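Nothing in this text is a laboratory measurement; each read-out follows from the coordinates by a stated rule. None of these values were measured; they are calculated from a predicted model. So basically every Cβ, Gly included, is an ideal-geometry build from the backbone, and we count neighbours across all protein chains shown.
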Amino acid sequence: MIPVVSRRIFAAIGLAALLGSAASAADLRLLNVSYDPTRELYAAIGQAFAVKWKAETGDTVKVDLSNGGSGKQARSVIDGLNADVVTLALGWDVTAIEKAGLINPGWQGKFPNNASPYTSTIAFLVRKGNPKGIKDWSDLLRPDVQVITANPKTSGGARWVFLALWGAFANAGTHDFSTVAGQAEAKTAIGAAKDFPAYNDAATRGKVAEIFNKHVPVLDTGARGATVTFAQKQIGDVLLNWENELWLARDEFGPEKFDIVYPKKSILAEPPVAVVDKVVDQRGTRKAAEAYLSYLYTPEAQDVIGQLHYRPRDVAALNKYSAELPKIPLFTIDETFGGWPKAQTTFFADGGVFDQFYKQTN
Amino acid sequence: MSRRVIPGFPLTVGYTLFYLSALVLLPLAALALKAGQMSAAEFWRVITDPVVTSSLRLTFAVSTAAALVNAIFGLIVAWVLVRYDFPFRRLFDAIIDFPFALPTAVAGLTFANLFLKDGWLGGLGGHIAAGINALTEKLGLGALLPADALNWLSFPYTGETAGIVIVLIFVGLPFVVRTVQPVLLEWDPEYETAARSLGADPATIFRRVIFPAILPAWVSGVALSLARSVGEYGSVIFIAANIPGKSQIAPLQIVTRLDDFQYAQAAAIGVVLLAISLLILLAINGLESFSRRHERAA
């Protein structure tokens, strides 16, 4: 039995808590569910956004961050993780959340540049001095070269690696994304693209299959795991991974151990962002969530993005960091492969091209 | 009708059945239901996919190998810990539980680093050869050994099947030791004295007197160790090469399907994994009760 007096106290505390929460309704928390390597990026962005939001609205906002493999993160959101926004490695994972009814169709048009505030690409990390002389994609086919990448079935970054390999061997058309003119040219090319002959290129298929079947000794489940295998476990001659991940590995393990090599051409990776409509409408956080994602496109956020080795959309910011983000010709998934849904079904879905590689060898 | 020692038989049985249903049967039913979302043909296609069958084969092969090693060495460890007194015995006894407490991912990572080509064990022969050469060079004899002379002492198991088995032996070790140990502790040495006075030699005493007593505990320890290995994920993915169709364990196939949003497929592989495990556990238990009856008859 609880005495009457203390019951009153409990009631008072309850009332106070209720009033308290109402009074501080302007204290917001957002959850950003992101892919593996973005920890540092969104930690920096979150703090800067909080300062800006406070100045503009007087409200306090704190952005919590969850990192993990892109596919796994999308699955968590589908399974009920209350993410206000998702910032994932590839459009397909956002599409999966859209199909589950949590994000409204048309999310790619809600923010500029296909809802990708920055881009990245796939490059090579080799041992210091590049002892095997690996300069371009075709060098990966040499019998003495061992290639480290993650498994495209479980890693978003590795899917970009797979597409970069395929597009490079299939001679995909490239553009110069460091200029406004080049970006416009790419946009026109995407509009004109049809049939996507890269898919039917038998020679390319043979080369990509050969790399995965004969040159990849270990398939890690995630991009970070592949980096650890190459850098720490010292397995393999070349690591194929996100550009930002290569810079991170080089900074982390020491520039005296590794060199970053840029191939003659690579893929333009566009990690997308989206507001999770169902969650923000339920929680009443839409305004802040949209402001947070829009903030990614501001010059100050674009500068942070460039600093952390992601490629800013803003041409000024991109050129500022051009020493570490060198200009290389890039091809797009939309022009070369007709977008994610098509690439996903053809290459990575159950029974797709990637699965077939491993069936032939058994 | 057995004697009711605990009062309130209907209450305790009801509680037990509810507890087991909520905790074990309910999730199992959900799993089966998820797998049941697909047609029989689709289910068959998923579980007969060569990559899936090879992952199932690998999982049960490495788990069986690890369980067999634990069966023999776990028994020896339990025996030594109970029957002999030696310095730091209690410390070693405590160490047995270590694999229970250590997160398996940490164990996997540690073993993977040990068995790397230049790791402590993976490059052991090279390290010893280098040490000997450094010593002989200091003595003015020059390098005595070619750098690879002792490579037969190296165990470069990271990325190899042997590495997976070693990790699973580590993970499953406590099960056999901890099930056999209490039986040995309870064991009355007078039985042995009696057997010896009747003229039995030590081998016969172990085989006919001691072993039948510890058999049930030993078998359940081995079965637990096996079951633990079949479901193990965290430690294995760090040491395995994870190549589809070659070195992917079945739990990794499940995770791969989940990351592809193929929930039903993942559940189907889970159901098969569970069904095979259940069959093996039933077979082990059947074998044990058969041998006990056989022993009594003989």
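Between the beta carbons of B:A101 and A:A100, assuming R0 = 45 Å, the FRET efficiency works out to 0.75 to the nearest 0.05.
I'd like the FRET efficiency for B:I76 and B:R292, computed as 1/(1 + (r/R0)^6) with the beta carbon distance as r and R0 of 22 Å, rounded to 0.05. With a Förster radius of 22 Å, E is 0.50. Counting charges near B:V180 (Lys, Arg +1; Asp, Glu -1) among other residues having Cβ under 15 Å from its Cβ returns a value of -2. Volume of the convex hull of chain B (Cα atoms only), normalised per residue: 228 Å³. Pairwise Cα distances in region A:209-333 exceed 21 Å for 55 percent of all pairs. Within 10 Å of the Cβ of each residue in A:148-157, the mean number of Cβ atoms contributed by other protein chains is 3. Charges were assigned to the Cβ only: +1 to each Lys and Arg, -1 to each Asp and Glu. The resulting dipole of the protein assembly as shown about its Cα centre is roughly 1120 debye.
Sorting A:E210, B:E288 from the fewest to the most surrounding beta carbons within 10 angstrom yields A:E210, B:E288. Spin-label model, A:A44 to A:K287: label points 7 Å out along the Cα-to-beta-carbon direction sit 3.0 nm apart. When the C-alpha to C-alpha distance is required to be over 22 Å, the pairs from A:K264/B:K246; A:K257/B:K117; A:K135/A:K207 that qualify are A:K264/B:K246. When the helices of the protein assembly as shown are scored as -39500 (n - 2.57) per DSSP H run of n ≥ 4 and the total is divided over every residue, the value at 222 nm lands at -17500 deg cm²/dmol.
Distance distribution note for chain A: the fraction of Cα pairs above 30 angstrom is 41%.
Nearest 0.05, what FRET efficiency do B:L274 and A:S322 give at R0 = 41 Å with Cβ-Cβ as r? Efficiency, from the Cβ-Cβ distance: 0.15. Each pair of Cα atoms in region A:85-213 enters the Kirkwood radius, and Stokes-Einstein at 37 °C and 0.692 mPa s then converts it into a translational diffusion coefficient of 190 µm²/s. Taking the charge dipole of region A:60-211 about its Cα centre, with +1 at Lys and Arg Cβ atoms and -1 at Asp and Glu Cβ atoms, the residue from A:Q183, A:F169, A:N104 reaching farthest to the positive side is A:F169. For region B:169-298, the Kirkwood estimate of hydrodynamic radius, built from reciprocal distances between every pair of different alpha carbons, is 17.7 Å. Between region A:325-340 and region B:182-236, the alpha-carbon centres lie 65 Å apart. All other residues whose Cβ lies under 12 angstrom from that of B:S63 are scored, Lys and Arg at +1 and Asp and Glu at -1, for a net of +1. Working ranking of peptides A:271-281, A:243-253, A:312-322 by packing, defined as the average number of other Cβ atoms within 10 Å per residue, highest first, is A:271-281, A:243-253, A:312-322. Scaling against 2.2 N^0.38 Å puts the C-alpha radius of gyration of region A:149-257 at 1.25. Evaluating 6.51 cos²θ - 1.76 cosθ + 1.60 at θ = phi - 60° for every residue in region B:196-201, the Karplus couplings come out as 5, 5, 8, x, 7, 7 Hz, glycine and proline recorded as x.
Region A:287-323 and region A:180-214 have Cα centres separated by 27 Å.
Annotation: amide H of B:S154 within the under-5 Å range of B:G125, sequence separation 5 or more or interchain, hydrogens built in the peptide plane.
Label positions at B:I284 and B:I132, each projected 7 Å from the Cα along the C-beta direction, are separated by 4.2 nm. One way to sum up the overall shape of the protein assembly as shown is the equivalent ellipsoid from its Cα gyration tensor, whose semi-axes run 51, 36, 26 Å, largest first. In the structure shown, the pairs A:K128/A:K153; A:K99/B:K34; A:K54/A:K320; A:K62/A:K153; A:K99/A:K214 are assessed against 25 Å; a Cα-Cα span above that value is assigned to A:K128/A:K153; A:K54/A:K320; A:K62/A:K153; A:K99/A:K214. Rounded, prolate or oblate: which fits region A:183-240 when a ≥ b ≥ c are the square roots of the eigenvalues of the alpha-carbon gyration tensor, with rounded for a/c under 1.5 and prolate only if a/b beats b/c? Verdict is oblate for region A:183-240. When Lys and Arg each count +1 and Asp and Glu each count -1, what net charge do the other residues less than 15 Å away from B:H127, Cβ to Cβ, add up to? Value of the local net charge: -1.
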